[in-house]
Amino acid sequence: MKKHNFSAGPCILPQSVLQKSAEAVLNFNNLNLSLIEISHRSKDFVEVMETAQSLALVHLQLQNKGYKALFLQGGASMQFLMTAYNLLEKKAAYLNTGTWSEKAIKEAKMLGEVIEVASSKSENFNFIPKNYNIPKDADYFHCTSNNTIYGTQMQDFPKTEIPLVCDMSSDIFSRQLDFSKFGLIYAGAQKNMGPAGTTLVVIKEEILGKVSRAIPSMLNYKVHLDKDSMFNTPPVFSVYVSMLTMQWLKDSGGISAIEKVNNEKAALLYSEIDRNALFEGFVSKKEDRSKMNATFNLKNDGLKATFDDHLKQAGINGINGHRSIGGYRASMYNALPLESVQVLVDVMQTVEKGA
Ligand SMILES: *Cc1c(COP(=O)(O)O)cnc(C)c1O
């Protein structure tokens, strides 16, 4: 039986998507050729790329609004540099909500001045700072919508005159937002969209072309836009599986439908964390809790071996916390069914009864 997969990333994908991906690797579109051995410029693959780009914009409700979708390589980590390379002329404003924000700040500093508008570092990033000021003369404001490691998630995004740039790697397509507020959204595929190897970048084209530096081709959004994500060979398998996942999401009712299930899963787990005396949540303010990654601890470390043993017996995979904060982290991405969360809650209750 398939395990209950709470892995933080690479993470669970819909079973039907895995099945179709496996078939396409053997025989794609009845061509009697594998998906991964045909030209990326063949009609069959060009159609995959176009469908993937279009589905991304449809899900985010950004069609015909001046946005384009790209599938690039280098992970979200490459976007830490690329966003700054293309958008930072003098100075940029960053919200520091964790390791990924810090890494983005580090890259941006190579290209200009970085104003850290607020940080939750002193509290080990266990909350989302609010009520900060964003300098009006900054070139853009960068934030991380969901902090995969700490289990915090932004519920509100500031109104800004300057472009809003967001790392949505771990909650893309999980909830409805007014995505037209954003100038640039990026997301590594492996958290909620597909396998590692490609990164979705959604850009409002009008924000480009404002920096004076020369931009190397592979780091230049304009170059990739002009070539429709085919400036060089794209990661064909990752793009294909991402396309299938976006189709699965559409067939499941889109973001609005999946958001309801995500809310149910999060409510089920967090209510158990709060009720069960053996556990405590990591995030200090409940309103900042992530619906994608729930972080929690066992109050009594002596029960760890018992809890871990029950988790294993129940077929639960991937819920150890990130090495930098320890404890447990249950990642509940789109493809994780509610039943898997119920199995985890049952284990928490079994251990409570035995303690
Ligand atoms: C995982 C993650 C990253 C890093 O992604 P890579 O694709 O490994 O570079 C960046 N930001 C967030 C929010 C993440 O969860």
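Coordinate-derived values only; no laboratory data. For clarity, every value in this text was computed on a predicted model and none was experimentally measured. FYI the Cβ positions are ideal-geometry reconstructions off the backbone, even for glycines, and counts take in every protein chain you see.
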Gain upon complete extension [Val223, Gln342; 0.36 nm per residue less C-alpha separation]
38.1 nm
Over the chain, the sum of -39500 (n - 2.57) across DSSP H runs of at least four, divided by residue number and rounded to 500 deg cm²/dmol, gives at 222 nm -11000 deg cm²/dmol
Which of the aspartates and glutamates could be linked to Lys106 by a straight reach, that is with a Cα gap under 12 Å, when you skip same-chain ones fewer than 8 residues away?
Glu116
log10 I(q)/I(0), Debye, Cα-only the chain, no solvent, q = 0.10, 0.11 Å⁻¹?
-0.63, -0.75
Within a 10 angstrom radius of the beta carbon, how do Val114, Val241 rank from fewest other beta carbons to most?
Val114, Val241
Under a crude label model (7 Å from the Cα following the beta-carbon direction), how far is Ser54 from Asp301 in nanometres?
5.6 nm
Rounded if a/c is under 1.5, else prolate if a/b beats b/c, else oblate: with a ≥ b ≥ c from the C-alpha gyration tensor eigenvalues square-rooted, which is the stretch 51-198?
rounded
Phe157-Asp308 pseudo-label distance in nm [points 7 Å out on the Cα-to-Cβ vector]:
3.9 nm
Quick check: residue separation of Ile215 and Ala257 times 0.36 nm, minus the Cα distance between them. What number comes out in nm?
11.1 nm
How would the stretch 179-240 be classified by its alpha-carbon gyration tensor: rounded, prolate or oblate, with rounded meaning a/c under 1.5 and the a/b versus b/c comparison settling the rest?
oblate
The Kirkwood hydrodynamic radius of the stretch 253-354, taken as the inverse of the mean 1/r over all distinct Cα pairs, in Å, comes to 14.0 Å
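As a test, work out the antiparallel percent of DSSP beta bridges whose residues both lie in the stretch 23-177, rounded to the nearest 5. Each step should come with its number before you reach the end.
Values: 2 of 14 bridges.
That works out to approximately 15 percent antiparallel.
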